[in-house]
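So the structure is just underneath, and the comments pick up after that.
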Amino acid sequence: MKRDLEVARETPTPRAPDGSPVEFYKLLPTQGEPELIHGAIREGATVLDLGCGVGRIAHALVALGHPVTAVDESPEMLTEVRGAETVLARIEELDLARTFGCVLLMSNLVNTNDARRTEFLATCRRHVAPDGVVLIERQDPLIRSGSSVGDHGPFRIEVEIERMGDDVRGVVVYALPDGRRWTHRFGPGGRILDDGAIRTALADSGLRLDRIFGPKRRWCLARPM
């Protein structure tokens, strides 16, 4: 990377197994995702939120009238979830023996390596109702190497991305005006998925791509075959 953002100044905080800082996600506001999801699914549809974190999206969906089952492998994250059923589990091992009107796979989890993505999508297929949908948030397929700084709510966010073919790695620093800051590194080892690649991955898992929509065409809606 062109620069390695300092970890020494980080605010000590519990982290999920993937390195996500719990305290940061407690403070991060939604960015229109709940409304986008609500508009894409049936009124009152049950939702299975895979990798729910602290419930940032689950809480808003409950408020919009959706019964939510929230799944995460981090007990520290799950203790923050309110108003939803919680399940401590790894996504790839989940088998609740029931189906949902909507299965959510957000936060670019689909952009993992091929083997793990296959397991994630198998879990989605296993839990989506025959007339339900799977909603997937992918990384922007046009993402490029570079650095950027921007504000979101109270946070100043610094991002450094390095793209290597269809793989990407990066460093993200989240900073508050009071000096608190959190660093999250990701990659390499995943894969950027263009339209053809996501369609193929879904079909291999028994899911049919219905449409791609949302900001930067990052959202995919699929239905069981």
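Of all residues in the stretch 192-213, those satisfying the criterion of being crowded, with 19+ Cβ neighbours inside 10 Å, outside any strand (DSSP E or B) and not β-branched (Val, Ile, Thr) are LEU193, ALA201, LEU202, SER205. In the set GLY53, GLY19, only one residue is within 25 Å of ARG217 (Cβ to Cβ), modelled with pLDDT under 95 and within 15 Å of the chain's Cα centre (by Cα); that residue is GLY53. Any residue at all in the stretch 94-111 that is surrounded by fewer than 19 Cβ atoms within 10 Å (Cβ to Cβ), out of contact with any Ser or Thr (no Cβ under 8 Å at 6 or more places or on another chain), in a helix (DSSP H, G or I) and in contact (Cβ under 8 Å) with a residue 24 or more places away in the chain? Looking for residues that are surrounded by fewer than 19 Cβ atoms within 10 Å (Cβ to Cβ), out of contact with any Ser or Thr (no Cβ under 8 Å at 6 or more places or on another chain), in a helix (DSSP H, G or I) and in contact (Cβ under 8 Å) with a residue 24 or more places away in the chain, one finds none in the stretch 94-111, hence no.
Restricting attention to the stretch 79-90, does a residue exist that is assigned by TED's automatic domain parsing to the domain that holds VAL128, touching a Gly at 6+ places or on another chain (Cβ under 7 Å) and not in a loop (DSSP other than H, G, I, E, B)? No, the conditions are met nowhere in the stretch 79-90.
Looking at the stretch 132-142, can you tell me whether even one residue there is surrounded by fewer than 16 Cβ atoms within 10 Å (Cβ to Cβ) and out of contact with any Lys or Arg (no Cβ under 8 Å at 6 or more places or on another chain)? No, the stretch 132-142 contains no residue that is surrounded by fewer than 16 Cβ atoms within 10 Å (Cβ to Cβ) and out of contact with any Lys or Arg (no Cβ under 8 Å at 6 or more places or on another chain).
Is it true that HIS59 is of a type outside the set (Lys, Arg), loosely packed, with under 15 Cβ neighbours inside 10 Å and farther than 26 Å from SER205 by Cα?
Values: of a type outside the set (Lys, Arg): yes; loosely packed, with under 15 Cβ neighbours inside 10 Å: no; farther than 26 Å from SER205 by Cα: yes.
So HIS59 fails the test.
In this structure, does GLY206 turn out to be over 19 Å from the mean Cα position of the chain (by Cα) and free of Cβ contacts under 8 Å to residues at least 12 places away in the same chain? Against the criterion (over 19 Å from the mean Cα position of the chain (by Cα) and free of Cβ contacts under 8 Å to residues at least 12 places away in the same chain), GLY206 does not qualify.
Looking only at residues of the stretch 58-78 that are in contact (Cβ under 8 Å) with a residue 40 or more places away in the chain and either part of a strand (DSSP E or B) or not charged (D, E, K, R) (or both), we find that the one that is farthest from LEU36 (Cα to Cα) is SER74.
If you check GLY189 against the conditions, is it surrounded by fewer than 14 Cβ atoms within 10 Å (Cβ to Cβ) and without any contact (Cβ under 8 Å) to a residue 24 or more places away in the chain? Step through it out loud before you land on a result.
Working: surrounded by fewer than 14 Cβ atoms within 10 Å (Cβ to Cβ): yes; without any contact (Cβ under 8 Å) to a residue 24 or more places away in the chain: no.
In short, no.
The values are calculated or read from the model by the stated rules, or taken from the named source; none is laboratory data. Source: prediction; values computed, not measured. Cβ sites come from the backbone with ideal geometry, for glycine too, and all protein chains shown count toward neighbours.
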